[in-house]
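Chemist: Input: one structure, supplied below.
The values are calculated or read from the model by the stated rules, or taken from the named source; none is laboratory data. Bear in mind the structure is a predicted one, so any value in this text is a computation, not a measurement. No Cβ is skipped: glycine too gets one built from the backbone with ideal geometry, and neighbour counts run over all protein chains shown. Areas reflect the complete protein model, heavy atoms only, side chains present, ligands, DNA and RNA absent. Shrake-Rupley method; radii C 1.70, N 1.55, O 1.52, S 1.80 Å.
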Amino acid sequence: MKSYKRNTLELLLKWSIFFIGLFIMSFGIVLTIKADLGVSAWDVLHIGLYKQFGLSIGSWTIMIGGLVLFSASLLTRKLPQVGAFINMFTIGIFIDLFLYIPVLKTPEFFLGKMMMLLMGIIILCYGMGLYISAKCGAGPRDSLMIALVEKTGKSITFIRAWIEVIVLFIGWLLGGPVFIGTVIATISLGYVAGVMIPFCQNTTNLLFVKLLNKNQFQTSLLDRGM
């Protein structure tokens, strides 16, 4: 019984952190889009597809995520984790929801746009760190990167750089927004994520230790009739 309660609480915590992370990450992505100074490579592609074929940015995020996840699955010959599918759909839905918030507008002046962009990058990476710390499954793009690294034997840095260059070029051809924000995002995302991911992992680990141990202690008291 103790083990069942502990496992249930652990699952609840993991998936709560996972969804909160995706929610925060999506908000950060939308801030970078609303800043209107150019976005990261994948979002250049999503926005380019939206401009050419309609639908919504979130819809294209889901569809491209599905295509990428299918490609990664073919390369590894393994079925993706459930978290990868949830990641794909949830981020697309959250992005569309945030984009339609009336009060979330592009600032009039360059300084305001730059502040929104930088804030978006930080929030995006924090959300990324949170969802990764839950260990419920990598997103579609990370799954493809890992699959290509395993197949080619090249470094993560090399594979990620080439994926982003190809995606950025296709997005630019489709009319996606490439500007100073694209350069800033490309340079800073890896660094900020490198800081946020370990920070979030340590915070999540500490939270699990505190809450699960506290729950275990309370359960033992109840079992003793105290």
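Chemist: Between (1) 31; (2) 34; (3) 40, which entry matches percent of Cα pairs over 28 Å apart as derived from the coordinates of this structure?
Modeler: Derived directly from the coordinates: (2).
Chemist: For the chain, what does -39500 (n - 2.57) per DSSP helix run (n ≥ 4), summed and divided by total residues, give at 222 nm, in deg cm²/dmol to the nearest 500?
Modeler: -28500 deg cm²/dmol
Chemist: Ok, one more. Rounded, prolate or oblate: pick one for region 98-207, where a ≥ b ≥ c are the square roots of the eigenvalues of its C-alpha gyration tensor, a/c under 1.5 means rounded, and failing that, prolate if a/b is larger than b/c, else oblate.
Modeler: Since a/c reaches 1.5 but b/c is at least a/b, the shape of region 98-207 is classed as oblate.
Chemist: Okay, next question. Taking a ≥ b ≥ c as the square roots of the eigenvalues of the Cα gyration tensor of region 1-102, is the shape rounded (a/c under 1.5), prolate (a/b larger than b/c) or oblate?
Modeler: It is oblate, given that a/c is not under 1.5 and a/b is not larger than b/c.
Chemist: Next question. Give the distance, in whole Å, between the Cα centre of region 44-74 and the Cα centre of region 86-105.
Modeler: 14
Chemist: Among Ala161, Ile86, Gly48, pick out the residue whose Cα is farthest towards the positive end of the charge dipole of the chain, where Lys and Arg carry +1 and Asp and Glu carry -1 on C-beta, about the Cα centre.
Modeler: Value: Ile86.
Chemist: In the chain, how many lysine pairs have Cα atoms under 27 Å apart, counting only pairs 8 or more places apart or on different chains?
Modeler: So the count works out to 25.
Chemist: Can I ask one more? State to the nearest 20 debye the size of the charge dipole of the chain about its Cα centre, where the only charges are +1 on K and R beta carbons and -1 on D and E beta carbons.
Modeler: Computed charge dipole of the chain: roughly 740 debye.
Chemist: Also: If each of Lys135 and Phe109 carries a label point 7 Å out from its Cα toward its Cβ, how far apart are those two points in nm?
Modeler: Modelled inter-label distance: 4.8 nm.
Chemist: Work through the residues other than Asp36 whose Cβ is under 11 Å from its Cβ and net out their charges, Lys, Arg +1 and Asp, Glu -1.
Modeler: +2
Chemist: Show me the ranking of peptides 135-147, 171-183 by mean Cβ neighbours inside 10 Å, starting with the highest.
Modeler: Ranking the peptides 135-147, 171-183 by packing returns 135-147, 171-183.
Chemist: Still on this model: Before I look further, what does region 30-155 give for accessible area per residue, probe 1.4 Å, in whole square angstrom?
Modeler: With the other protein chains kept in place, region 30-155 gives 50 Å² per residue.
Chemist: For the chain, which whole-number percentage of the solvent-accessible area (1.4 Å probe, protein heavy atoms only) is attributable to carbon and sulfur atoms?
Modeler: Roughly 71 percent of what the probe reaches on the chain is carbon or sulfur.
Chemist: Could I ask something else about it? Cα axis of helix 156-173 to longest principal axis of the chain: angle in degrees, 0 to 90, nearest 10?
Modeler: 50
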